[in-house]
Structures are given as structure tokens and as C-alpha cells.
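Heads up: the structure comes next, in C-alpha cells.
Laboratory data are not the source of any read-out in this text; all were calculated from the coordinates shown. In this text the structure is predicted, and so the values were computed from the model without any measurement. Every residue, glycine among them, receives a Cβ derived from its backbone with ideal geometry; neighbour counts consider all protein chains shown.
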Amino acid sequence: MDTLQQRMEKIEQEIQAACDRSGRNRQDVTVVAVTKQVSADRAREVIEIGVSNLGENRPEGLLAKQENIQSDDVSWHFIGNVQSRKVRDIINQVDFLHSLDRLSIAKEIQKRAASPVDCFVQVNVSGEESKSGLTPAELEDFILQLADYDKIRVVGLMTMAPFTQDEEWIRKIFRSLSSLRDQIAAKDLDFAPCTLLSMGMSNDYTIAIEEGATHVRIGTALVGTESEGDE
């Protein structure tokens, strides 16, 4: 079984190759290690091999990891849907929220955040009922409504592609999000610079990078699962 370091080296090679194919700079792509299914000890190992961005999708998991790790060198990303009543538990604990898609969440952030929060607005580009997020048609109006919320800074957009072997379909989803990002960025809104793209996971991150992803959320391909044990 590969060690964590070997997995990261393989991922790095694939990221560099994807950047080379698409004429991008490697430094423009951030790896968010999704540690939601592994222990704090495993997350600490990830930090030790040089990955400083960690992603969690549940408030309880985020807070437990932070209590165990307590490092100023880590950027914390909340990548899951958050209930309005849970916003107060996490919003001053995260550096990025990847799942803003409702005004009810925006209102809670405005009420609870001590300082502006960098947020990705989640868009359901594929239209799958199982996925959260705004429709592409709803995106512009939603972002314009955020002008009144000075505790929210829309740094970019996020989406999840279907879990499929159809690479062209995946590519189309990512390309669509990139186009939507460009449309919002062109409005030159102070509260929504919208320059970033959070898209791509363990099974499709190289395609996402080729289509402009700035943040790829990699879980099992890097950290594995708790049932694997330690390498």
C-alpha cells in the first residue's frame, strides 16, 4: 500500500501534468485535503507532508479536528452543506466556506461572523436532484443580493460534477462553471471578486484543473479511509 507521501507525490505529478496540458501555473492550484472520513492523527500526517489546506463537511468533525490539531499554519475549508442553526458554530472557525447557496445562510453569517468570510457560492450545474446549489439561472440575482452583507466576500464558485465515466460530460460541467465565474467577475463587484473555482475531487481533479479549477478537494485519493489503517 502506498504511503501518504507517495500518494501526494503521485497527485503532484498529475496536477503538474494537467497544468502543463492547459498552460497553467502549478502555484495557481490549491489542494484541499478532505479529511472528513479520517482521524485527527491522519489529518496531522497530511499537514506533516506539506498540505496546509484541510476540508471538513460537518461542524462536529471540523471542531474536533481543530481541537486536536491547533495549528496556525492550517487553512480550514468547510465544504459541506451547513444548516442555518449550525452557522454560528463554524463561521469564525473557517477560512473558506465552499457551500453558500441560500440567503438564510447569508443572514446567519452576517449575524455571527466577527469579520468578512471568504465564500464560494455553490452552483448545481449538472441539475442533479441529489446535489445542492443554485441553478445557473439563479446565480447572478443571488450574488447581487449579497451586496448588503458586508461579512460575506464571494471569492468564487463551487460545483460537484456527476460521478460518471463520461469525461466529456464532466468537462462540460466544469467548463460551464468557469464561464459563470467569468460572467460574475466581469461585473467587477467589490464584495464578489469571484476569481476562484472550487471543483474537482479524487476521481476528476485533473479534468477540473484543465478547465480552470483553483481549488481541488481531494479525499480518498490522498488520505485514504480509516478502514485502511496506517501504511
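Say the dipole of the chain comes from +1 at the beta carbon of Lys and Arg and -1 at that of Asp and Glu; which of 43, 156, 205 then lies farthest toward its positive end?
In the chain, that residue is 156.
Which of the chymotrypsin sites (Phe, Trp or Tyr not before Pro) found in segment 106-205 are in a DSSP loop and have at most 14 neighbouring Cβ atoms, other than their own, within 10 Å? Show your work: numbers first, answer last.
Values: sites: 120, 142, 149, 163, 169, 174, 191, 205; in loops: 149, 163, 191.
Loop-located and lightly packed - 163.
Of all the C-alpha pairs in segment 16-136, what % are more than 26 Å from each other?
The calculated P(r) of segment 16-136 puts 29 percent of pairs beyond 26 Å.
So if I place +1 on the C-beta of Lys and Arg and -1 on the C-beta of Asp and Glu, and nothing else carries charge, what would the dipole magnitude of the chain be about its Cα centre? I want it in debye, nearest 20. Please list the in-between numbers first.
Working: 26 positive and 39 negative charges, 136 e Å.
Taking the Cα centre of the chain as origin, the dipole is about 660 debye.
Which value in nm describes the separation of the simple spin-label points at residue 64 and residue 135, placed 7 Å from the Cα toward the beta carbon?
If labels sit at residue 64 and residue 135, their model points lie 3.8 nm apart.
As a test of the formula, what do you get for the chain when each DSSP H run with n ≥ 4 contributes -39,500 (n - 2.57) and the sum is divided by the residue count, at 222 nm and rounded to the nearest 500 deg cm²/dmol?
Values: 9 runs with 92 residues, N = 231.
Result for the chain, helices only: -12000 deg cm²/dmol.
Please list, or write none, the lysines whose alpha carbon is within less than 20 Å of the alpha carbon of residue 187, excluding same-chain residues fewer than 8 places away.
Within the straight-line cut-off, residue 187 pairs with 151.
Which net charge results for the neighbourhood of residue 95, defined as the other residues with beta-carbon distances under 13 angstrom from its beta-carbon, given Lys and Arg at +1 and Asp and Glu at -1?
Working: positive: 153; negative: 56, 72, 73, 118.
It works out to a net charge of -3.
Taking every alpha carbon pair in the chain, what does the distance histogram look like in 10 angstrom bins from 0, in percent?
Cα pair-distance distribution for the chain, in percent: 8, 33, 37, 19, 2, 0.
Expressed as a whole number of Å, what is the distance separating the alpha-carbon centroids of segment 1-39 and segment 57-127?
23 Å
Just in segment 109-155: which GluC sites (Glu not before Pro) are loop by DSSP and have at most 15 other Cβ atoms within 10 Å? Mind dumping the intermediate values first?
Numbers: sites: 128, 129, 138, 140; in loops: 128, 129.
When the GluC sites (Glu not before Pro) of segment 109-155 are filtered for loop state and at most 15 Cβ neighbours within 10 Å, 128, 129 remain.
What residue among 52, 69, 84 has its Cα farthest toward the positive end of the dipole of the chain, where the charges are +1 on Lys, Arg and -1 on Asp, Glu, each on the Cβ?
Toward the positive end, the furthest listed residue is 84.
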